[in-house]
Amino acid sequence: MKRFAAILSFWFISTLAVAQTRGLPDFTELAEKQGPAVVNISTTQVVRNQAQAMPFPFDENDPAFEFFKRFMPRVPGGNAPPRDFENKSLGSGFIISSDGYILTNAHVVDGADEVTVRLTDKREYKAKTIGADKRTDVALIKIEASGLPAVKLADISQLKVGEWVVAIGSPFGFDNSVTAGIVSAKGRSLPQENYVPFIQTDVAINPGNSGGPLFNMRGEVVGINSQIYSRSGGYMGVSFAIPIDV
């Protein structure tokens with residue numbers, strides 16, 4: 001009897017484990033097929049620093065004024081040579097045509113003097129911004145290349161709350177990182193974001209993911225990962241994507 005109970009228990013646990021395994025989606029094929037169409041975007045913005053003249057610490061009638069004027073002539077009136085510095089940032093994007101057109105977020109390339117796109121095979125290209133819409137936070141950039149892998153765009157009307165979705169991007173510069181979750185809500189509006197009916201998900205999104213694709217389980221892009229809602233600055237389980245048909 002004990003042996004029968006043990007066998008029955010083992011069978012039940014094994015069956016349950018198999019059922020649970022079958023119930024979970026397999027993201028490996030999607031990641032393998034769609035990953036090459038996702039790119040890393042790095043930008044450089046040259047900030048020109050306008051040096052400010054430092055005022056004399058003394059009044060013109062003070063005897064020390066002449067001393068400072070003679071031995072430190074550049075302090076009062078002459079500006080020090082301006083020093084430029086560079087702001088660098090990272091983001092993601094995805095190829096929508098084999099001849100090098102790429103979608104990303106407008107805030108990823110906004111104000112950039114140089115945009116560099118790196119493919120999964122480590123090839124790098126300088127990109128040109130074709131157009132950007134700050135209201136919807138969508139930008140189209142172009143690299144001079146051909147024969148590139150490209151994504152397919154989904155019919156967003158078929159997207160359902162509760163279905164699995166996958167994000168591929170470059171969080172903190174880690175290329176082609178894959179995260180997954182479910183659609184939490186559709187048509188979500190955010191403060192000061194009146195133009196976009198966001199897709200809310202619980203997919204892990206971090207700095208560097210911006211501009212990357214959000215896929216359905218058919219490997220079609222349903223959205224562009226854009227931002228998170230957080231009180232700490234890090235991922236807290238609430239992320240937002242721009243619908244691909246916006």
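Each reported figure results from applying straightforward, stated rules to the coordinates on display, with no laboratory input. For clarity, every value in this text was computed on a predicted model and none was experimentally measured. As a convention, Cβ positions derive from the backbone with ideal geometry for all residues, glycine included, and neighbour counts pool all protein chains shown.
In summary, residue 161 fulfils each of the numbered conditions (1) in contact with a Lys or Arg (Cβ under 7 Å, 6 or more places away or on another chain); (2) in a strand (DSSP E or B) with the single exception of condition (2).
Checking 198, 240, 172 one by one, the residue that is on the phi > 0 side of the Ramachandran plot and among the aromatic types (Phe, Trp, Tyr) is 172 and no other.
Every condition in (1) in a strand (DSSP E or B); (2) buried (at least 18 other Cβ atoms within 10 Å of the Cβ) is met by residue 195 except one, and the failing one is (2).
Okay, residues lined up against (1) part of a loop (DSSP other than H, G, I, E, B); (2) within 20 Å of residue 38 (Cβ to Cβ); (3) touching a residue at least 40 places away in the same chain (Cβ under 8 Å):
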{"site": "145", "(1), (2), (3)": "yes, yes, yes"}
{"site": "148", "(1), (2), (3)": "yes, yes, yes"}
{"site": "167", "(1), (2), (3)": "no, yes, yes"}
{"site": "185", "(1), (2), (3)": "no, no, no"}
{"site": "209", "(1), (2), (3)": "yes, yes, yes"}
{"site": "222", "(1), (2), (3)": "no, yes, yes"}
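Being assigned to a loop (DSSP other than H, G, I, E, B), free of Cβ contacts under 8 Å to residues at least 60 places away in the same chain and touching a Ser or Thr at 6+ places or on another chain (Cβ under 7 Å) is the filter here; which residues of the stretch 224-246 pass it? Hit for the stretch 224-246 is 236, nothing else. Scanning the stretch 82-124 for residues that are over 27 Å from residue 48 (Cα atoms), among the small types (Gly, Ala, Ser) and in contact (Cβ under 8 Å) with a residue 60 or more places away in the chain yields one hit, 93.
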